[in-house]
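For reference, the structure is listed below as structure tokens.
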Amino acid sequence: MADRFVAEATPFDGLVVVNRRILKDDRGFLTRLFCPDDLKAFGWSGRVAQVNETGTVQRGTVRGMHFQNPPFAEIKLIACTRGRVLDVVVDIRHGSPTFLKHFAVELSEDNGRSLLVPRGFAHGFQTLTDDAHMLYMHSESYVAASEGGLHSQDPRLAIGWPLPVINLSSRDAAHPLLQPDYVGVVL
Ligand SMILES: Cc1cn([C@H]2C[C@H](O)[C@@H](COP(=O)(O)OP(=O)(O)O[C@H]3O[C@@H](C)C(=O)[C@@H](O)[C@H]3O)O2)c(=O)[nH]c1=O
């Protein structure tokens, strides 16, 4: 069996686009979403503490930009299992050469792409279709008190959302803008 996952490097240390093989036959398809042994080579380590799914009703909705602060900083493997999204991460690792730069990739139910996001990135996405579903593997448990957020429309991040941004949650609308002295997270 050829590799189920083919890694595509990004300009960000540890951030990997994972191209999944999609096995098709007359009935439909099968694709492997997660395998700790295979993904170890791409940077997954430790356990899967939880698997979450979200469904988003309306095209143009933005969720994010979210992260957990140390000691609960987490690795996430992110896939879109229904519809299409523009998935975006921001490097917030203190001292990183790509600090506060962002990376965007389209994830969809058809393109077989997942994003393996190391610790020290904020994550968000915009739905490009109605009724979009996302699936997340998390290496750490959800700890509400450790949650952090950046504003998805912070001018300093300059994320080019392709559609007018709608439906921010009240939490996401309240994320503060970055201060000039922001130094990121120390892992
Ligand atoms: C993330 C999370 C939320 N919750 C609760 C908190 C809240 O009552 C409800 C909805 O949470 P949120 O508003 O944070 O949902 P959402 O905005 O979809 O949060 C998600 O956004 C994307 C961008 C990510 O990267 C994810 O890791 C996650 O942070 O679910 C959990 O119980 N467990 C979890 O792991």
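The values are calculated or read from the model by the stated rules, or taken from the named source; none is laboratory data. No experiment lies behind these values; they were computed from the predicted model shown. Cβ coordinates were reconstructed from backbone atoms using ideal geometry, including for glycine residues, and neighbour counts include every protein chain displayed. These area figures cover heavy atoms from the full protein model, side chains too; ligands, DNA and RNA do not enter into them. Shrake-Rupley method; radii C 1.70, N 1.55, O 1.52, S 1.80 Å.
Per-structure values
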{"item": "Test item: Cα-centred dipole of the chain, Lys/Arg +1 and Asp/Glu -1 on Cβ, debye", "result": "120 debye"}
{"item": "Probe 1.4 Å, protein heavy atoms only - accessible area per residue of the chain in square angstrom", "result": "50 Å²"}
{"item": "Region 1-89 - Debye-derived log10 I(q)/I(0), Cα point model, q = 0.12, 0.24, 0.25 Å⁻¹", "result": "-0.48, -1.54, -1.56"}
{"item": "Cβ-based net charge around Asp131, under 10 Å, with every Lys or Arg adding one and every Asp or Glu removing one", "result": "+1"}
{"item": "Relative contact order, percent, the chain [alpha-carbon distance under 8 Å, six or more residues apart]", "result": "29 percent"}
{"item": "The chain, helix-only ellipticity at 222 nm - DSSP H runs n ≥ 4, -39,500 (n - 2.57), divided by all residues, nearest 500", "result": "-1000 deg cm²/dmol"}
{"item": "Rg over Rh [alpha-carbon atoms, Kirkwood Rh] for region 69-164", "result": "0.96"}
{"item": "Orientation-averaged projected area, Cα convex hull of region 19-60 (nm²)", "result": "5.3 nm²"}
{"item": "Signed unit charges on C-beta, dipole axis of the chain, positive-most listed residue Leu15, Val85, Ala104", "result": "Leu15"}
{"item": "Accessible surface of region 22-103, 1.4 Å probe, proportion on carbon and sulfur as whole %", "result": "52 percent"}
{"item": "Euclidean distance between Cα centres, region 79-115 to region 11-72, Å", "result": "10 Å"}
{"item": "Normalised alpha carbon radius of gyration of the chain [divisor 2.2 N^0.38 Å]", "result": "1.00"}
{"item": "Relative contact order computed over region 58-163 (Cα-Cα under 8 Å; 6+ residues apart), in percent", "result": "44 percent"}
